[in-house]
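The values are calculated or read from the model by the stated rules, or taken from the named source; none is laboratory data. Remember, it's a predicted structure, so these values are computed and weren't measured experimentally. Note: accessible area is taken over every heavy atom of the protein model, side chains too, but ligands, DNA and RNA are not part of it. Shrake-Rupley method; radii C 1.70, N 1.55, O 1.52, S 1.80 Å.
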Amino acid sequence: LMATSAMAEDTIKIAFIDPLSGPFASTGSNGLREWEFAVEDLVNSRGGLLGGKKIEIIAFDNKISPKETLIQLKNAIGQGIQYVAQGNSSGVANALTSAIKKHNKRNPDKRVIHLNYAAVDPALTNDKCSFWHFRFDANVDMKMNAITDTIAARKDVKKVYIIGQDYSFGKAVSAAAKRFLKAKRPDIEIVGDELHPIGKVKDFTPYVTKIKAAGADAIITGNWGGDMLNLAKAATSVGLDSSFFTYYAAGAGITAALGPVAKDKVFNVSEGHFNPTVTAVWDDYFTRFNAKHPGKDITYGRIPYTVRMFAKAVSKAGSAKPIDVAMALEGMELTTLAGDKIKMRAEDHQLIMPIQVSVHTDERIKWEFDNSGWGHRTISSTPAESNALPTTCKMKRPKA
(Lines give C-alpha, C1' and ligand atoms only; values in the text may rest on other atoms or scores of the structure.)
Protein backbone atom coordinates (compact mmCIF):
# COMPACT_ATOMS: atom_id res chain seq x y z
CA LEU A 1 0.00 0.00 0.00
CA MET A 2 2.85 2.40 0.82
CA ALA A 3 4.50 1.64 -2.53
CA THR A 4 1.22 2.26 -4.37
CA SER A 5 0.75 5.55 -2.53
CA ALA A 6 4.27 6.67 -3.42
CA MET A 7 3.70 5.78 -7.06
CA ALA A 8 0.46 7.79 -7.15
CA GLU A 9 2.27 10.82 -5.80
CA ASP A 10 4.78 10.54 -8.64
CA THR A 11 2.09 10.89 -11.33
CA ILE A 12 -0.38 13.56 -12.31
CA LYS A 13 -3.52 11.67 -13.19
CA ILE A 14 -6.01 12.73 -15.84
CA ALA A 15 -9.29 10.86 -16.13
CA PHE A 16 -10.31 10.40 -19.76
CA ILE A 17 -14.11 10.19 -19.67
CA ASP A 18 -15.57 9.59 -23.13
CA PRO A 19 -17.39 6.83 -25.09
CA LEU A 20 -15.37 3.64 -25.44
CA SER A 21 -18.34 1.43 -26.29
CA GLY A 22 -21.58 1.88 -28.23
CA PRO A 23 -22.22 3.83 -31.46
CA PHE A 24 -19.53 6.44 -30.76
CA ALA A 25 -16.84 4.08 -29.46
CA SER A 26 -14.46 4.74 -32.36
CA THR A 27 -14.59 8.49 -31.68
CA GLY A 28 -13.69 8.00 -28.03
CA SER A 29 -11.04 5.38 -28.78
CA ASN A 30 -9.35 7.73 -31.24
CA GLY A 31 -9.31 10.46 -28.63
CA LEU A 32 -7.85 8.15 -25.97
CA ARG A 33 -5.10 6.94 -28.31
CA GLU A 34 -4.17 10.52 -29.20
CA TRP A 35 -4.19 11.69 -25.57
CA GLU A 36 -1.95 8.82 -24.52
CA PHE A 37 0.48 9.46 -27.37
CA ALA A 38 0.64 13.23 -26.80
CA VAL A 39 1.28 12.80 -23.08
CA GLU A 40 4.07 10.28 -23.65
CA ASP A 41 5.64 12.03 -26.64
CA LEU A 42 5.43 15.64 -25.47
CA VAL A 43 5.78 15.35 -21.68
CA ASN A 44 6.73 12.00 -20.16
CA SER A 45 9.53 11.15 -22.61
CA ARG A 46 11.00 14.62 -22.02
CA GLY A 47 11.44 14.30 -18.29
CA GLY A 48 7.92 14.86 -17.03
CA LEU A 49 6.85 17.77 -14.82
CA LEU A 50 7.83 19.19 -11.45
CA GLY A 51 11.12 17.33 -11.25
CA GLY A 52 10.05 14.11 -12.90
CA LYS A 53 6.33 13.58 -12.35
CA LYS A 54 4.71 11.76 -15.27
CA ILE A 55 1.19 12.36 -16.57
CA GLU A 56 -0.99 9.26 -16.39
CA ILE A 57 -4.16 8.90 -18.47
CA ILE A 58 -6.83 6.69 -16.89
CA ALA A 59 -9.75 5.78 -19.17
CA PHE A 60 -13.40 5.67 -18.11
CA ASP A 61 -16.18 4.65 -20.53
CA ASN A 62 -19.22 6.92 -20.26
CA LYS A 63 -21.12 5.30 -23.16
CA ILE A 64 -21.97 8.87 -24.31
CA SER A 65 -24.46 9.06 -21.43
CA PRO A 66 -24.60 12.09 -19.08
CA LYS A 67 -25.83 9.79 -16.30
CA GLU A 68 -22.98 7.31 -16.81
CA THR A 69 -20.55 10.22 -17.02
CA LEU A 70 -21.48 11.36 -13.52
CA ILE A 71 -20.96 7.82 -12.24
CA GLN A 72 -17.50 7.71 -13.83
CA LEU A 73 -16.69 11.17 -12.49
CA LYS A 74 -17.48 9.89 -9.00
CA ASN A 75 -15.21 6.88 -9.63
CA ALA A 76 -12.40 9.13 -10.81
CA ILE A 77 -12.70 11.44 -7.82
CA GLY A 78 -12.72 8.39 -5.58
CA GLN A 79 -9.33 7.48 -7.06
CA GLY A 80 -7.97 10.89 -6.19
CA ILE A 81 -8.00 12.19 -9.77
CA GLN A 82 -8.35 15.96 -10.07
CA TYR A 83 -8.27 16.47 -13.84
CA VAL A 84 -10.86 15.27 -16.35
CA ALA A 85 -10.37 15.21 -20.13
CA GLN A 86 -13.68 15.02 -21.97
CA GLY A 87 -15.01 16.32 -25.24
CA ASN A 88 -17.42 14.08 -27.10
CA SER A 89 -20.98 15.40 -26.68
CA SER A 90 -21.81 18.85 -25.42
CA GLY A 91 -24.71 17.30 -23.52
CA VAL A 92 -22.20 15.29 -21.53
CA ALA A 93 -19.94 18.32 -21.12
CA ASN A 94 -22.76 20.43 -19.71
CA ALA A 95 -23.62 17.73 -17.15
CA LEU A 96 -19.95 17.24 -16.27
CA THR A 97 -19.21 20.94 -15.84
CA SER A 98 -22.24 21.43 -13.61
CA ALA A 99 -21.32 18.41 -11.46
CA ILE A 100 -17.70 19.54 -11.10
CA LYS A 101 -18.78 23.03 -10.08
CA LYS A 102 -21.00 21.60 -7.31
CA HIS A 103 -18.32 19.13 -6.20
CA ASN A 104 -15.63 21.81 -5.97
CA LYS A 105 -17.86 24.09 -3.91
CA ARG A 106 -18.50 21.31 -1.43
CA ASN A 107 -14.96 19.88 -1.47
CA PRO A 108 -12.44 22.74 -1.72
CA ASP A 109 -9.61 20.35 -0.80
CA LYS A 110 -10.46 17.95 -3.66
CA ARG A 111 -11.15 20.31 -6.54
CA VAL A 112 -11.39 19.05 -10.14
CA ILE A 113 -10.70 20.76 -13.48
CA HIS A 114 -12.50 19.89 -16.72
CA LEU A 115 -10.14 19.93 -19.72
CA ASN A 116 -12.67 20.13 -22.56
CA TYR A 117 -10.99 19.20 -25.83
CA ALA A 118 -13.99 18.78 -28.16
CA ALA A 119 -17.40 19.81 -26.74
CA VAL A 120 -18.32 23.01 -28.56
CA ASP A 121 -21.72 24.19 -27.31
CA PRO A 122 -21.24 28.00 -27.02
CA ALA A 123 -23.11 28.02 -23.69
CA LEU A 124 -20.16 26.33 -21.98
CA THR A 125 -18.12 29.53 -22.25
CA ASN A 126 -21.07 31.91 -22.17
CA ASP A 127 -24.06 31.69 -19.81
CA LYS A 128 -22.91 28.35 -18.33
CA CYS A 129 -19.25 29.25 -17.98
CA SER A 130 -17.33 27.92 -15.00
CA PHE A 131 -13.93 28.73 -13.53
CA TRP A 132 -13.22 24.98 -13.47
CA HIS A 133 -13.92 24.47 -17.18
CA PHE A 134 -11.36 25.20 -19.92
CA ARG A 135 -12.23 24.70 -23.59
CA PHE A 136 -9.34 23.90 -25.94
CA ASP A 137 -11.50 23.72 -29.07
CA ALA A 138 -13.21 26.52 -30.99
CA ASN A 139 -16.91 26.72 -30.16
CA VAL A 140 -19.80 26.29 -32.59
CA ASP A 141 -20.08 29.99 -33.38
CA MET A 142 -16.36 30.42 -34.01
CA LYS A 143 -16.37 27.49 -36.42
CA MET A 144 -19.59 28.58 -38.13
CA ASN A 145 -18.04 31.99 -38.69
CA ALA A 146 -15.31 30.29 -40.74
CA ILE A 147 -17.74 27.97 -42.54
CA THR A 148 -20.06 30.77 -43.60
CA ASP A 149 -17.12 32.83 -44.87
CA THR A 150 -16.47 29.97 -47.29
CA ILE A 151 -20.14 29.66 -48.25
CA ALA A 152 -20.53 33.42 -48.68
CA ALA A 153 -17.79 33.37 -51.32
CA ARG A 154 -19.61 30.65 -53.28
CA LYS A 155 -22.07 32.36 -55.63
CA ASP A 156 -23.31 28.95 -56.78
CA VAL A 157 -24.79 28.30 -53.31
CA LYS A 158 -28.35 29.61 -53.26
CA LYS A 159 -30.18 26.99 -51.19
CA VAL A 160 -28.96 25.47 -47.92
CA TYR A 161 -30.28 22.53 -45.90
CA ILE A 162 -29.33 22.25 -42.22
CA ILE A 163 -29.37 18.84 -40.56
CA GLY A 164 -28.02 17.81 -37.17
CA GLN A 165 -28.31 15.78 -33.99
CA ASP A 166 -31.15 16.60 -31.65
CA TYR A 167 -29.35 17.94 -28.57
CA SER A 168 -27.64 21.14 -27.46
CA PHE A 169 -24.82 20.96 -30.03
CA GLY A 170 -27.05 20.26 -33.03
CA LYS A 171 -29.37 23.07 -32.00
CA ALA A 172 -26.44 25.46 -31.58
CA VAL A 173 -25.17 24.61 -35.09
CA SER A 174 -28.59 25.31 -36.58
CA ALA A 175 -28.95 28.63 -34.77
CA ALA A 176 -25.45 29.75 -35.72
CA ALA A 177 -25.87 28.76 -39.38
CA LYS A 178 -29.04 30.80 -39.74
CA ARG A 179 -27.61 33.80 -37.90
CA PHE A 180 -24.32 33.98 -39.83
CA LEU A 181 -25.88 33.26 -43.22
CA LYS A 182 -28.45 36.01 -42.69
CA ALA A 183 -25.65 38.47 -41.97
CA LYS A 184 -23.30 37.40 -44.79
CA ARG A 185 -25.60 36.05 -47.51
CA PRO A 186 -29.23 37.11 -46.90
CA ASP A 187 -30.07 35.95 -50.43
CA ILE A 188 -29.50 32.30 -49.50
CA GLU A 189 -32.71 30.34 -48.89
CA ILE A 190 -32.83 27.87 -45.99
CA VAL A 191 -34.80 25.01 -47.58
CA GLY A 192 -34.59 22.67 -44.58
CA ASP A 193 -33.74 22.74 -40.89
CA GLU A 194 -33.95 19.31 -39.32
CA LEU A 195 -32.82 17.52 -36.17
CA HIS A 196 -32.66 13.75 -35.74
CA PRO A 197 -32.13 11.51 -32.67
CA ILE A 198 -28.43 11.25 -31.77
CA GLY A 199 -26.92 7.80 -32.31
CA LYS A 200 -30.26 6.22 -33.26
CA VAL A 201 -30.50 6.55 -37.06
CA LYS A 202 -28.84 3.70 -38.94
CA ASP A 203 -30.13 4.58 -42.40
CA PHE A 204 -30.14 8.26 -43.39
CA THR A 205 -31.56 7.57 -46.86
CA PRO A 206 -34.98 9.15 -46.08
CA TYR A 207 -33.24 12.31 -44.83
CA VAL A 208 -30.92 12.50 -47.85
CA THR A 209 -33.84 11.91 -50.22
CA LYS A 210 -35.64 14.84 -48.61
CA ILE A 211 -32.53 17.03 -48.94
CA LYS A 212 -32.23 16.13 -52.62
CA ALA A 213 -35.92 16.89 -53.24
CA ALA A 214 -35.50 20.30 -51.61
CA GLY A 215 -32.94 21.22 -54.25
CA ALA A 216 -30.24 22.14 -51.75
CA ASP A 217 -26.97 23.36 -53.24
CA ALA A 218 -25.26 22.88 -49.88
CA ILE A 219 -25.78 21.04 -46.60
CA ILE A 220 -24.56 22.26 -43.23
CA THR A 221 -24.18 19.60 -40.55
CA GLY A 222 -22.51 19.20 -37.20
CA ASN A 223 -23.01 15.42 -37.21
CA TRP A 224 -20.12 13.45 -35.74
CA GLY A 225 -19.10 9.84 -35.15
CA GLY A 226 -21.52 7.17 -36.38
CA ASP A 227 -24.12 9.77 -37.34
CA MET A 228 -21.72 11.51 -39.73
CA LEU A 229 -20.54 8.17 -41.11
CA ASN A 230 -24.09 6.96 -41.78
CA LEU A 231 -25.10 10.30 -43.29
CA ALA A 232 -22.07 10.11 -45.60
CA LYS A 233 -22.93 6.56 -46.67
CA ALA A 234 -26.51 7.56 -47.48
CA ALA A 235 -25.37 10.62 -49.43
CA THR A 236 -23.07 8.52 -51.62
CA SER A 237 -25.69 5.80 -52.17
CA VAL A 238 -28.36 8.29 -53.24
CA GLY A 239 -25.90 10.23 -55.38
CA LEU A 240 -26.47 13.56 -53.68
CA ASP A 241 -24.69 16.14 -55.83
CA SER A 242 -24.43 18.93 -53.25
CA SER A 243 -21.63 20.45 -51.23
CA PHE A 244 -21.35 19.48 -47.56
CA PHE A 245 -20.04 21.97 -44.99
CA THR A 246 -19.22 19.99 -41.87
CA TYR A 247 -17.63 20.01 -38.45
CA TYR A 248 -16.51 16.37 -38.32
CA ALA A 249 -16.42 14.76 -41.78
CA ALA A 250 -12.82 13.55 -41.69
CA GLY A 251 -11.38 10.24 -40.54
CA ALA A 252 -13.09 7.61 -38.37
CA GLY A 253 -14.20 5.77 -41.52
CA ILE A 254 -16.01 8.81 -42.92
CA THR A 255 -13.31 9.77 -45.44
CA ALA A 256 -13.17 6.22 -46.80
CA ALA A 257 -16.97 6.06 -47.04
CA LEU A 258 -17.08 9.29 -49.04
CA GLY A 259 -14.24 8.40 -51.40
CA PRO A 260 -14.12 9.83 -54.93
CA VAL A 261 -17.77 10.94 -55.12
CA ALA A 262 -17.10 13.62 -52.49
CA LYS A 263 -14.01 15.11 -54.12
CA ASP A 264 -14.09 18.91 -53.83
CA LYS A 265 -17.63 18.69 -52.40
CA VAL A 266 -17.10 18.01 -48.68
CA PHE A 267 -15.61 20.80 -46.58
CA ASN A 268 -14.53 20.47 -42.97
CA VAL A 269 -13.80 23.12 -40.36
CA SER A 270 -11.11 22.48 -37.76
CA GLU A 271 -8.37 24.03 -35.70
CA GLY A 272 -5.63 21.83 -37.13
CA HIS A 273 -3.34 21.70 -40.14
CA PHE A 274 -3.27 18.30 -41.83
CA ASN A 275 -2.29 18.98 -45.43
CA PRO A 276 -0.01 20.79 -45.49
CA THR A 277 1.23 20.36 -41.92
CA VAL A 278 2.87 23.81 -42.30
CA THR A 279 5.91 23.22 -40.06
CA ALA A 280 8.58 20.51 -39.89
CA VAL A 281 7.95 20.14 -36.14
CA TRP A 282 4.27 19.35 -36.69
CA ASP A 283 5.09 17.02 -39.56
CA ASP A 284 7.59 15.19 -37.35
CA TYR A 285 4.86 14.72 -34.74
CA PHE A 286 2.67 13.06 -37.39
CA THR A 287 5.60 10.86 -38.38
CA ARG A 288 6.21 9.69 -34.80
CA PHE A 289 2.50 9.00 -34.28
CA ASN A 290 2.34 7.02 -37.51
CA ALA A 291 5.35 4.95 -36.47
CA LYS A 292 3.75 4.20 -33.09
CA HIS A 293 0.25 3.57 -34.49
CA PRO A 294 0.52 2.33 -38.11
CA GLY A 295 -2.74 2.70 -39.98
CA LYS A 296 -4.26 5.07 -37.41
CA ASP A 297 -4.96 8.75 -37.90
CA ILE A 298 -4.50 11.94 -35.92
CA THR A 299 -8.06 13.27 -35.87
CA TYR A 300 -7.77 15.77 -33.00
CA GLY A 301 -5.18 18.37 -33.96
CA ARG A 302 -5.93 20.21 -30.70
CA ILE A 303 -4.92 17.40 -28.30
CA PRO A 304 -1.15 18.09 -28.60
CA TYR A 305 -1.54 21.74 -27.68
CA THR A 306 -4.05 20.90 -24.93
CA VAL A 307 -1.40 18.65 -23.38
CA ARG A 308 1.37 21.22 -23.92
CA MET A 309 -0.66 24.06 -22.45
CA PHE A 310 -1.62 21.95 -19.43
CA ALA A 311 2.03 20.99 -18.91
CA LYS A 312 3.10 24.62 -19.27
CA ALA A 313 0.52 25.67 -16.65
CA VAL A 314 1.72 23.04 -14.16
CA SER A 315 5.31 24.15 -14.66
CA LYS A 316 4.42 27.83 -14.39
CA ALA A 317 2.42 27.22 -11.20
CA GLY A 318 5.14 24.99 -9.77
CA SER A 319 2.28 22.85 -8.57
CA ALA A 320 -0.24 20.26 -9.74
CA LYS A 321 -2.90 21.69 -7.43
CA PRO A 322 -6.00 22.49 -9.55
CA ILE A 323 -6.48 26.05 -8.26
CA ASP A 324 -2.85 26.88 -9.07
CA VAL A 325 -3.02 25.29 -12.51
CA ALA A 326 -6.31 27.06 -13.29
CA MET A 327 -4.82 30.44 -12.39
CA ALA A 328 -1.78 29.69 -14.57
CA LEU A 329 -3.96 28.70 -17.53
CA GLU A 330 -5.88 31.96 -17.52
CA GLY A 331 -4.51 34.22 -20.24
CA MET A 332 -1.82 31.69 -21.18
CA GLU A 333 -0.32 31.96 -24.65
CA LEU A 334 1.30 29.18 -26.67
CA THR A 335 2.69 28.59 -30.14
CA THR A 336 1.39 25.28 -31.46
CA LEU A 337 3.56 22.71 -33.18
CA ALA A 338 2.03 24.01 -36.42
CA GLY A 339 3.18 27.54 -35.61
CA ASP A 340 -0.19 29.04 -34.66
CA LYS A 341 -0.41 31.59 -31.85
CA ILE A 342 -3.16 30.61 -29.41
CA LYS A 343 -4.40 32.10 -26.14
CA MET A 344 -6.67 30.92 -23.32
CA ARG A 345 -9.01 33.87 -22.83
CA ALA A 346 -9.24 34.58 -19.11
CA GLU A 347 -12.78 35.94 -18.97
CA ASP A 348 -14.50 32.77 -20.23
CA HIS A 349 -11.76 30.09 -20.54
CA GLN A 350 -12.29 29.83 -24.30
CA LEU A 351 -9.16 29.16 -26.34
CA ILE A 352 -8.73 31.70 -29.14
CA MET A 353 -7.01 30.30 -32.24
CA PRO A 354 -6.88 30.37 -36.04
CA ILE A 355 -9.47 28.14 -37.73
CA GLN A 356 -9.03 26.30 -41.02
CA VAL A 357 -11.50 25.10 -43.65
CA SER A 358 -10.32 22.11 -45.67
CA VAL A 359 -11.66 20.13 -48.63
CA HIS A 360 -11.95 16.36 -49.20
CA THR A 361 -9.48 15.43 -51.96
CA ASP A 362 -6.77 13.05 -53.12
CA GLU A 363 -4.56 15.82 -54.52
CA ARG A 364 -1.48 17.10 -52.65
CA ILE A 365 -2.23 14.83 -49.69
CA LYS A 366 0.64 13.55 -47.56
CA TRP A 367 -1.39 12.52 -44.52
CA GLU A 368 -4.49 10.64 -45.58
CA PHE A 369 -7.40 9.37 -43.50
CA ASP A 370 -8.64 5.77 -43.13
CA ASN A 371 -5.82 4.39 -45.34
CA SER A 372 -8.09 5.49 -48.17
CA GLY A 373 -5.82 7.60 -50.33
CA TRP A 374 -8.12 10.50 -49.50
CA GLY A 375 -7.63 13.30 -47.02
CA HIS A 376 -8.28 16.98 -46.34
CA ARG A 377 -6.30 19.90 -47.71
CA THR A 378 -6.59 23.38 -46.21
CA ILE A 379 -8.18 25.94 -48.52
CA SER A 380 -8.60 28.88 -46.14
CA SER A 381 -7.70 30.07 -42.65
CA THR A 382 -9.47 32.56 -40.40
CA PRO A 383 -7.02 34.42 -38.11
CA ALA A 384 -7.33 34.17 -34.34
CA GLU A 385 -8.41 37.78 -33.88
CA SER A 386 -11.41 37.20 -36.18
CA ASN A 387 -12.47 34.25 -34.03
CA ALA A 388 -12.43 36.12 -30.72
CA LEU A 389 -16.22 36.45 -30.65
CA PRO A 390 -17.83 38.25 -27.67
CA THR A 391 -18.77 36.29 -24.56
CA THR A 392 -21.63 36.71 -22.10
CA CYS A 393 -19.72 34.85 -19.37
CA LYS A 394 -19.91 36.32 -15.87
CA MET A 395 -17.46 34.03 -14.14
CA LYS A 396 -17.38 33.56 -10.39
CA ARG A 397 -13.84 32.94 -9.26
CA PRO A 398 -13.12 30.93 -6.10
CA LYS A 399 -10.88 31.98 -3.28
CA ALA A 400 -7.54 30.21 -3.29
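Fully extending the segment from T236 to S380, taken as 0.36 nm per residue of separation minus the present Cα-Cα distance, adds 49.3 nm. Is the shape of the stretch 137-191 rounded, prolate or oblate, going by the alpha carbon gyration tensor and its root eigenvalues a ≥ b ≥ c, with a/c under 1.5 for rounded and a/b larger than b/c for prolate? Oblate is the answer for the stretch 137-191, as a/c is 1.5 or above yet b/c matches or exceeds a/b.
Solvent-accessible surface of the chain, averaged per residue with a 1.4 angstrom probe and all protein chains in place: 40 square angstrom.
Volume per residue for the stretch 102-172 equals 102 cubic angstrom (convex hull of Cα atoms). Taken over the stretch 198-357, the alpha-carbon convex hull comes to 154 cubic angstrom per residue. Kindly identify the stretch 120-224 as rounded, prolate or oblate by the Cα gyration tensor criterion: order the square roots of the eigenvalues as a ≥ b ≥ c, call it rounded if a/c is under 1.5, otherwise compare a/b with b/c, prolate if a/b is larger, else oblate. It comes out oblate by the Cα gyration axes. Considering every alpha-carbon pair of the stretch 296-373, the percent of pairs per 5 Å bin, from zero through the bin containing the longest distance, is 3, 13, 20, 20, 15, 10, 8, 6, 4, 1. For the stretch 114-264, the fraction of 1.4 Å probe accessible surface lying on carbon and sulfur atoms is 54 percent.
Bridges between two residues of the chain, per DSSP, are antiparallel at a rate of about 35%. One Cα centroid belongs to the stretch 146-168, the other to the stretch 290-355; the line between them spans 30 Å. The aspartates and glutamates within cross-link reach of K321, meaning a Cα-to-Cα straight distance under 16 Å and a gap of 8 or more places when in the same chain, are E9, D10, E56, D109, E330.
The orientation-averaged projection of the convex hull spanning the C-alpha atoms of the stretch 187-275 amounts to 6.2 square nanometres. For L351, the amide hydrogen comes within under 5 Å of the amide hydrogens of R135, D137, R345, counting only partners 5 or more places away or on other chains and with H modelled in the peptide plane. With a threshold of 18 Å on the Cα-Cα distance, the over-threshold entries among K53/K316; K158/K182; K110/K399; K74/K102; K102/K396; K341/K396 are K341/K396. When a/c is below 1.5 the answer is rounded, else prolate if a/b is larger than b/c, else oblate, so apply that to the stretch 9-50 with a ≥ b ≥ c taken from the square roots of the Cα gyration tensor eigenvalues. Taking the square roots of the gyration eigenvalues as a ≥ b ≥ c, the stretch 9-50 is oblate. Kirkwood hydrodynamic radius of the chain, from the reciprocal of the average inverse Cα-Cα distance over all distinct pairs: 21.4 Å. Remark: the stretch 199-205, residue by residue, has Karplus-estimated 3J(HN,Hα) of x, 10, 8, 8, 10, 8, 4 Hz, where x stands for each Gly or Pro and the curve is 6.51 cos²θ - 1.76 cosθ + 1.60 at θ = phi - 60°. Annotation: amide H-H contacts under 5 Å for I113 (H modelled 1.01 Å from N, sequence separation of 5 or more, or interchain): Y83, V84.
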